[in-house]
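Since the structure comes first, as structure tokens, the remarks are kept for the end.
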Amino acid sequence: MAGARLRRRTVLAGAPALLVGCSDGGSDRPAAASSQPSLDELDLTDWEVVRAQFALDPELAHFAAYVLASHPVPVRAAVERWRDAFEADPAAAVAGELEHDDEVRAAAAGYLGVDAAEIALTGSTTMGLGLVYHGLALRPGDHVLTTTHDFYSTHEALRLAAARGGAEVEQVALYDDPATASADEVTGRLAAAIRPATRVVALTWVHSNTGVKLPVRAMADAVAAANAGRADADRAILVLDAVHGLGADAARPRDLGCDVFVSGTHKWLFGPRGTGLVWAAAGAGVVVAPTIPSFTAPSFVNWLTGDDQPSPFGVGNTPGGYQAFEHRWAATEAFAFHQAIGPDRVAARTQELATRLKDGLADVGGVRLVTPRDPGLSAGLVCVEVARGDPSELVRQLRDARIVASLTPYRETYVRFGTSIVTTPDQVDAAVEAVAELTR
Ligand SMILES: Cc1ncc(COP(=O)(O)O)c(C=O)c1O
């Protein structure tokens, strides 16, 4: 044992800093240009100032925050600084890898109100879901419960993971008509579907086909009730695809009560494209084994020394191999940007605009509002069913009218809008008018 520790120290002293986590010799964060105002010099209480941070085409009303983010100035500037550092000296720039990953974890942890060691960094929601579901030791006889409302990324990750482990995946419908869904109905249907053999409950916070925001806290309580009296190994864990809630709703993972929170940071958070995270509560982190080798200590050092030291969930489950670090490390600025505006203000603005849009669309004869009117059951996504004709044609015509919406990528296809910090009340009214005009 003592010999192994000695060998480990020798390796730590001699190996390249980027592999073992030594911060000495690592690259510093490149400093922001002095010409760029700092966040506290901006009046972020003014939504026009917030919107001015984006280089979005001003001729268009951008209702598509749910697709992929445009980067606000601080994020764009950070990406550029890191890119320049890598262009000038890649070996030096990468030398601070672990330190800069930790800076992103710390920023994310501050935003989410969790421990930084519990956060793994990923490239997207889909990557996170794949890592989590493949990291669970699913066995024949295990039951995995998900819903008909989840996105491809959840369904496919579960299908692949269950096929390997021989587990059964069941999809239940939480509501029949999204517009009239209620918290009791949704929670009751979930609770009724949990079996003694259920090991995973896989949910999506805000459904991207209907805009329904699940009452996750109540659903987590239902999972906890089902877990009462179970041995730790038999517990069901609640895994949440949180991508359409993060940056649109201010609730944090512990408020929601989920065990694992998976999200891209490149949609509503307006973080760097190609970034995401997985947070796992201490107990749940233990049951999610890494799939892709981490490039960090202790994993890498274990390989060199033959040791077997466990990694904290966050570093152990952050896939190794070099990354697009100019994007990954600029996520720090995305969290800081949202913190500076205030997550509660962002959520209130998103909600206020979504309510205005729903109120307007509910009166348009040519469409049926699919998203619940209740702000408790919806966030920034607003979906409508087109009464007549081809919904893709409406999306095309809306773009001609300079309104960016999209089609939901599901079997049942709706026209989808997303209100956010880059949209305005006037744009909402223009969208309602355009839909009324085009579906008349
Ligand atoms: C519910 C949901 N989860 C995951 C994704 C995929 O997100 P990412 O691009 O971060 O993998 C989408 C859509 O893009 C989605 O609607």
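The values are calculated or read from the model by the stated rules, or taken from the named source; none is laboratory data. All figures in this text were calculated on a predicted structure; none of them were measured in a lab. Cβ coordinates were reconstructed from backbone atoms using ideal geometry, including for glycine residues, and neighbour counts include every protein chain displayed. These area figures cover heavy atoms from the full protein model, side chains too; ligands, DNA and RNA do not enter into them. Shrake-Rupley method; radii C 1.70, N 1.55, O 1.52, S 1.80 Å.
A compact table of results
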quantity: Top-ranked residue in the range 266-290 [being within 16 Å of the ligand (Cβ to nearest atom) and under 30 Å from residue 231 (Cα atoms); ranked as farthest from the chain's Cα centre (by Cα)]; calculated: 279
quantity: Filtered residues of the range 191-218 (kept if within 16 Å of the ligand (Cβ to nearest atom) and free of Cβ contacts under 8 Å to residues at least 40 places away in the same chain); calculated: none
quantity: Residue in the range 341-360 that is closer than 26 Å to residue 276 by Cα, in a loop (DSSP other than H, G, I, E, B) and modelled with pLDDT of 95 or more present; calculated: yes
quantity: Restricting the range 115-126 to residues that are aliphatic (A, V, I, L, M) and surrounded by fewer than 21 Cβ atoms within 10 Å (Cβ to Cβ), the residue that is nearest to residue 282 (Cα to Cα); calculated: 117
quantity: Counted residues, the range 240-265 - those being within 10 Å of the ligand (Cβ to nearest atom) and farther than 13 Å from residue 420 by Cβ; calculated: 7
quantity: Contacts under 6 angstrom Cβ, first residue in the range 354-368 being free of Cβ contacts under 8 Å to residues at least 12 places away in the same chain, partner open to solvent by less than 40 Å² (accessible area, probe 1.4 Å), 6 or more apart; calculated: 362/369
quantity: Subset of the range 113-140 (residues that are in contact with a strand residue (DSSP E or B) (Cβ under 6 Å, 6 or more places away or on another chain), more than 16 Å from the ligand (Cβ to nearest atom) and in a helix (DSSP H, G or I)); calculated: 118
quantity: Residue match in the range 80-93 (condition: of a type outside the set (Lys, Arg), open to solvent by 10 Å² or more (accessible area, probe 1.4 Å), touching a helix residue (DSSP H, G or I) at 6+ places or on another chain (Cβ under 7 Å) and not assigned by TED's automatic domain parsing to the domain that holds residue 290); calculated: yes
quantity: Unique match (being more than 19 Å from residue 89 (Cα to Cα), modelled with pLDDT under 80 and of a type in the set (A, V, I, L, M, F, W, C)) among 67, 20; calculated: 20
quantity: Hits in the range 141-155 (condition: within 13 Å of the ligand (Cβ to nearest atom) and in a strand (DSSP E or B)); calculated: 146, 147
quantity: Qualifying residue in the range 197-219 (condition: modelled with pLDDT of 95 or more, surrounded by fewer than 17 Cβ atoms within 10 Å (Cβ to Cβ) and closer than 23 Å to residue 128 by Cβ); calculated: yes
